[in-house]
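K.L.:
The structure's right below; bear with me while I get my questions together.
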Amino acid sequence: MKKGDIRELLAGDVQADRLVPPSGLTAHLTIFVSGAMAFLAVFALALSLASGRLADRWADELARSATLRISASADQRAVLTEAALAILEQTPGVASARAMTPEEQAALLAPWFGASLPLDSLPVPQLIEVVADGPGYDAEGLRLRLSAEIPGAVLDDHTRWREPLVRAAGSLRTLGVFSVLLIGCAMAAMITLAAHAGLAANAQVIEVLRLVGAQDRYIANAFERRFTLRALIGAAGGMALGVFGVALLPSAGDADGFLTGLGFQGAGWLVPLLVPLLGAGVAFAATRAAARRRLERLQ
Amino acid sequence: MAVISLEQVGYSYSGKELLSDVSVDLSPGSFHFLTGPSGSGKTTLIKLCYGALLPTVGRVRAFDADLAALDRDQTALLRRRVGVVHQDCRFLDHLPLADNIALPLIVSGRDMGQENTNLTDLMHWVGLSARADALPPELSGGERQRAALARAVIMSPDVILADEPTGNVDWDMSQRLLKLLVELNRMGKTVLVASHDLALIRAAKNQVQARVLRISEKRLQLAGADL
Ligand SMILES: Nc1ncnc2c1ncn2[C@@H]1O[C@H](COP(=O)(O)OP(=O)(O)OP(=O)(O)O)[C@@H](O)[C@H]1O
Ligand SMILES: [Mg+2]
């Protein structure tokens, strides 16, 4: 939409509006469908933004931390832990490595076995928390070296269960974006149908306007204005309802679960404002195309 | 230079030839009648004059421009310079009469505030001042024809093409409409009136120097003294 078009659309010709008779049903249906589409678009956007956030966070957090497990008899344990820490310290890409204290390990197990667990009497492996820096380390190389020097050491960088999760969140985001696009196309199709119906119903009026010297732009504008305003009004209403609905969803809180995280955050709340604007733009373009096609049949 | 000229024009509706080798010049300030039996192509010829139809053969020029060479916007602008009374009037039934008459002004973006006196004067001239708010379907045949004439002249066009302007009206009303057309011609406008009403054409001969063209067997002839 060019700048001049917008000005023309807004300033409009109040007279021109009256020349085309009002059409109750098409108008109401256009407003309703625009509203419904905008409502759906808000949810698809929320889904897409939330899963995007989730994918980023999981990828980021999980890529950075790994666990080294050392299973050894009590007498060898301290020695092997020291040796492992030494190796980790030398490994490029490892920001820090820290052996967990017995208390920390007990805390990790407490949810499963209860707080009174006599940890000392159990063959619990020693855990070392490894945090990677920016580019990360070569996990395979590290594994090789550890297996050579420290029997019973297992490096778990969470890749196994991280990847499918991150991939799932990523596809969910793509799905959301795709849904928004589909909703936009469906709206364009619907407005095109409505515009064609409106133009066909007013074929006589258009013909008379053309006969008395109206230029195509003038006639098309009368219809563009109508459908753009209807789409804008409908989509604004649908968007408001959609945002209200999203706001009513339970907030993320500490749980950080997926369903509870579905919503907008911070400036993300402004994104739905684009929905009515895009809807109006789609309506404008669809109506213009329909009007052009219709007018070209008229000498 | 003729206001509108047809040069060896032929026209066929989907292959069926209706007009053939029609040549005529409407010189500025002239008054022409166009006659011929029903279905002979009077309306078609008028449509060719304002670009609603393009000739299948030959050329139509208006204000020195070849109508076939105009783009869509230029065609629209041309129609503001040619006043047409359509055979079926062509009103917008949902708009009051005053708006229907002002339609050419509205679509050309004129400031209606400034044009108001023009509109009022014109409605007075055709005797429709009291009917400004009536909707077209509420009008009588004579009122419709006068309104159509008013709309045709509201842009002060140089040429007026009237297709059966006295159809559906009684003799007195047709005389009244004829007077309006003659008045316009006296103001210097070029006028072409299509009509099958020979009595009207005879009556006009006392009031105005008019040439009478007749469509006969696809061709256009100058009618002689038999009229
Ligand atoms: N759009 C069209 N498609 C096909 N044929 C048409 C079309 N318009 C007119 N005709 C035919 O062309 C012929 C001439 O029509 P036209 O309206 O020009 O005649 P006319 O002289 O104005 O008649 P009348 O005196 O009844 O108004 C008629 O036989 C008509 O059926
Ligand atoms: Mg006719």
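The values are calculated or read from the model by the stated rules, or taken from the named source; none is laboratory data. Predicted model, so just to flag it, every value in this text is computed and none were measured. Here Cβ is always computed from backbone atoms with ideal geometry, including for glycine, and neighbour counts include all displayed protein chains. Protein only, heavy atoms only, side chains kept; ligands, DNA and RNA dropped before computing areas. Shrake-Rupley method; radii C 1.70, N 1.55, O 1.52, S 1.80 Å.
K.L.:
List pairs: first residue in region A:282-294 and open to solvent by 40 Å² or more (accessible area, probe 1.4 Å), second residue not hydroxyl-bearing (Ser, Thr, Tyr) and not in a helix (DSSP H, G or I) anywhere in the structure, Cβ distance under 8 angstrom, at least six positions apart or on different chains.
P.N.:
What qualifies is A:285/A:1.
K.L.:
Quick check on my filter: what residues within region B:181-213 are open to solvent by less than 70 Å² (accessible area, probe 1.4 Å), over 25 Å from residue B:158 (Cβ atoms) and within 16 Å of ligand 1 (Cβ to nearest atom)? Please lay out each step first, then the result.
P.N.:
First, pick out the residues of region B:181-213 that are open to solvent by less than 70 Å² (accessible area, probe 1.4 Å): B:181-182, B:184-185, B:188-195, B:197-201, B:203-204, B:207-208, B:210, B:212-213.
From what's left, over 25 Å from residue B:158 (Cβ atoms): B:197-199, B:203.
Matches in region B:181-213: B:197, B:198, B:199.
K.L.:
Further question: Suppose we filter B:34, B:53 for residues that are more than 13 Å from every other protein chain (Cβ to nearest Cβ), within 16 Å of ligand 2 (Cβ to nearest atom) and of a type in the set (A, V, I, L, M); which single one remains? Show your work before the answer.
P.N.:
Values: B:53 fails: more than 13 Å from every other protein chain (Cβ to nearest Cβ).
Just a single option satisfies the conditions, and that option is B:34.
K.L.:
Only one of (1) touching a residue at least 40 places away in the same chain (Cβ under 8 Å); (2) open to solvent by 30 Å² or more (accessible area, probe 1.4 Å); (3) within 18 Å of the chain's Cα centre (by Cα); (4) away from ligand 2 (no atom under 16 Å from the Cβ) fails for residue B:1. Which number is that?
P.N.:
Among (1) touching a residue at least 40 places away in the same chain (Cβ under 8 Å); (2) open to solvent by 30 Å² or more (accessible area, probe 1.4 Å); (3) within 18 Å of the chain's Cα centre (by Cα); (4) away from ligand 2 (no atom under 16 Å from the Cβ), residue B:1 violates only (3).
K.L.:
Moving on. Out of B:8, B:74, report the one residue that is within 14 Å of another protein chain (Cβ to nearest Cβ) and away from ligand 2 (no atom under 16 Å from the Cβ).
P.N.:
Only one candidate qualifies: B:74.
K.L.:
If the requirement is being surrounded by fewer than 20 Cβ atoms within 10 Å (Cβ to Cβ) and either at pLDDT 95 or above or within 12 Å of chain A (Cβ to nearest Cβ) (or both), which of these qualifies: B:137, B:104, B:157? It would help to see each step written out before you state the result.
P.N.:
Details: B:104 fails: surrounded by fewer than 20 Cβ atoms within 10 Å (Cβ to Cβ); B:157 fails: surrounded by fewer than 20 Cβ atoms within 10 Å (Cβ to Cβ).
Being surrounded by fewer than 20 Cβ atoms within 10 Å (Cβ to Cβ) and either at pLDDT 95 or above or within 12 Å of chain A (Cβ to nearest Cβ) (or both) holds for just one of B:137, B:104, B:157, which is B:137.
K.L.:
What residue, among those in region B:83-128 that are more than 16 Å from ligand 2 (Cβ to nearest atom) and among the acidic types (Asp, Glu), is nearest to residue B:176 (Cα to Cα)?
P.N.:
Initially, region B:83-128 is screened for residues more than 16 Å from ligand 2 (Cβ to nearest atom), giving B:83, B:91-128.
Then drop every residue that is not among the acidic types (Asp, Glu), which leaves B:93, B:99, B:111, B:115, B:121.
Details: B:93: 25, B:99: 23, B:111: 31, B:115: 26, B:121: 17 Å.
Once the filter is applied, the top-ranked residue is B:121.
K.L.:
Just a yes or no: is a residue in region A:171-189 in a strand (DSSP E or B), open to solvent by 30 Å² or more (accessible area, probe 1.4 Å) and at pLDDT below 90?
P.N.:
No, region A:171-189 contains no residue that is in a strand (DSSP E or B), open to solvent by 30 Å² or more (accessible area, probe 1.4 Å) and at pLDDT below 90.
K.L.:
Name the helices (runs of 4 or more DSSP H) wholly inside region B:111-193 in which the number of residues that are of a type in the set (Lys, Arg) is 2 or more. Walk me through how you get there before you give the answer.
P.N.:
Values: elements: B:112-125, B:141-153, B:171-186.
Correct list: B:141-153, B:171-186.
K.L.:
Mind listing just one residue for me: the one in region B:38-65 that is over 18 Å from the mean Cα position of the chain (by Cα) and open to solvent by 40 Å² or more (accessible area, probe 1.4 Å) and, of those, farthest from ligand 1 (Cβ to nearest atom)?
P.N.:
B:64
K.L.:
For residue B:68, are the conditions met, namely being within 16 Å of ligand 2 (Cβ to nearest atom) and within 14 Å of another protein chain (Cβ to nearest Cβ)? Reasoning before the result, please.
P.N.:
Numbers: within 16 Å of ligand 2 (Cβ to nearest atom): no; within 14 Å of another protein chain (Cβ to nearest Cβ): yes.
Judged against the criteria, residue B:68 is not a match.
K.L.:
In region B:66-85, how many are hydrophobic (A, V, I, L, M, F, W, C) and open to solvent by 60 Å² or more (accessible area, probe 1.4 Å)?
P.N.:
Kept after step one, since they are hydrophobic (A, V, I, L, M, F, W, C), are these residues of region B:66-85: B:67-70, B:76-78, B:82, B:84-85.
Okay, now just the ones that are also open to solvent by 60 Å² or more (accessible area, probe 1.4 Å), so B:68-69, B:77.
Residues flagged as hydrophobic (A, V, I, L, M, F, W, C) and open to solvent by 60 Å² or more (accessible area, probe 1.4 Å) within region B:66-85 amount to 3.
K.L.:
Separate question: Exactly one condition in (1) within 16 Å of ligand 2 (Cβ to nearest atom); (2) within 12 Å of chain A (Cβ to nearest Cβ) is false for residue B:80; which is it?
P.N.:
(1)
K.L.:
Here are some residues: A:38, A:66, A:50. Which one is outside the structural domain of residue A:289 (by TED's automatic domain parsing), out of contact with any Lys or Arg (no Cβ under 8 Å at 6 or more places or on another chain), modelled with pLDDT of 80 or more and crowded, with 16+ Cβ neighbours inside 10 Å?
P.N.:
On the way: A:38 fails: outside the structural domain of residue A:289 (by TED's automatic domain parsing); A:50 fails: outside the structural domain of residue A:289 (by TED's automatic domain parsing).
Answer to the selection: A:66.
Residue-by-condition table, conditions (1) touching a strand residue (DSSP E or B) at 6+ places or on another chain (Cβ under 9 Å); (2) open to solvent by 90 Å² or more (accessible area, probe 1.4 Å); (3) part of a loop (DSSP other than H, G, I, E, B):
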| site | (1), (2), (3) |
| --- | --- |
| A:89 | yes, yes, no |
| A:92 | no, yes, yes |
| A:105 | yes, no, no |
| A:120 | no, yes, no |
| A:142 | yes, no, no |
| A:154 | yes, no, no |
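K.L.:
Pick from A:270, A:274, A:278: which is free of Cβ contacts under 8 Å to residues at least 24 places away in the same chain, open to solvent by 90 Å² or more (accessible area, probe 1.4 Å) and in contact with a helix residue (DSSP H, G or I) (Cβ under 9 Å, 6 or more places away or on another chain)?
P.N.:
On the way: A:270 fails: in contact with a helix residue (DSSP H, G or I) (Cβ under 9 Å, 6 or more places away or on another chain); A:278 fails: free of Cβ contacts under 8 Å to residues at least 24 places away in the same chain.
After applying the criteria, what remains is A:274.
K.L.:
Considering each residue of region A:212-227, count those that are more than 14 Å from chain B (Cβ to nearest Cβ) and open to solvent by 10 Å² or more (accessible area, probe 1.4 Å), and give that number.
P.N.:
Here the count works out to 2.
K.L.:
May I ask you to list the residues in region B:7-34 that are under 24 Å from residue B:186 (Cα atoms), open to solvent by less than 10 Å² (accessible area, probe 1.4 Å) and within 16 Å of ligand 1 (Cβ to nearest atom)? Write out each step before concluding.
P.N.:
At the first step, the residues of region B:7-34 found to be under 24 Å from residue B:186 (Cα atoms) are B:24-34.
Keeping just the survivors that are open to solvent by less than 10 Å² (accessible area, probe 1.4 Å) gives B:26, B:31-34.
Hits for region B:7-34 are B:32, B:33, B:34.
K.L.:
Could you give every pair whose Cβ atoms fall below 8 Å, whose first residue belongs to region A:46-61 and is more than 23 Å from residue A:243 (Cα to Cα), and whose second residue is small (Gly, Ala, Ser), counting only separations of at least 6 or pairs across chains?
P.N.:
The qualifying pairs are A:58/A:169.
K.L.:
Inspect all residues belonging to region A:199-211 and state whether any of them is of a type in the set (Gly, Ala, Ser) and within 14 Å of another protein chain (Cβ to nearest Cβ).
P.N.:
First, pick out the residues of region A:199-211 that are of a type in the set (Gly, Ala, Ser): A:200-201, A:203.
Still in the running and within 14 Å of another protein chain (Cβ to nearest Cβ): A:201, A:203.
Yes, that holds for at least one residue.
K.L.:
Let me ask something else. Residues of region B:88-99 being more than 9 Å from chain A (Cβ to nearest Cβ), under 20 Å from the mean Cα position of the chain (by Cα) and not small (Gly, Ala, Ser), which ones? Let's see the steps before the verdict.
P.N.:
Kept after step one, since they are more than 9 Å from chain A (Cβ to nearest Cβ), are these residues of region B:88-99: B:88-89, B:96-98.
Narrowing the set further to residues that are under 20 Å from the mean Cα position of the chain (by Cα) leaves B:88-89, B:97-98.
Matches in region B:88-99: B:88, B:89, B:97.
K.L.:
Within region B:154-200, take every residue that is among the acidic types (Asp, Glu) and away from ligand 2 (no atom under 13 Å from the Cβ) and give me the one that is nearest to the chain's Cα centre (by Cα).
P.N.:
Initial filter on region B:154-200 (among the acidic types (Asp, Glu)): B:158, B:163-164, B:170, B:172, B:183, B:197.
Keeping just the survivors that are away from ligand 2 (no atom under 13 Å from the Cβ) gives B:158, B:170, B:172, B:183.
Working: B:158: 11, B:170: 20, B:172: 20, B:183: 15 Å.
Across region B:154-200, the extreme among qualifying residues is B:158.
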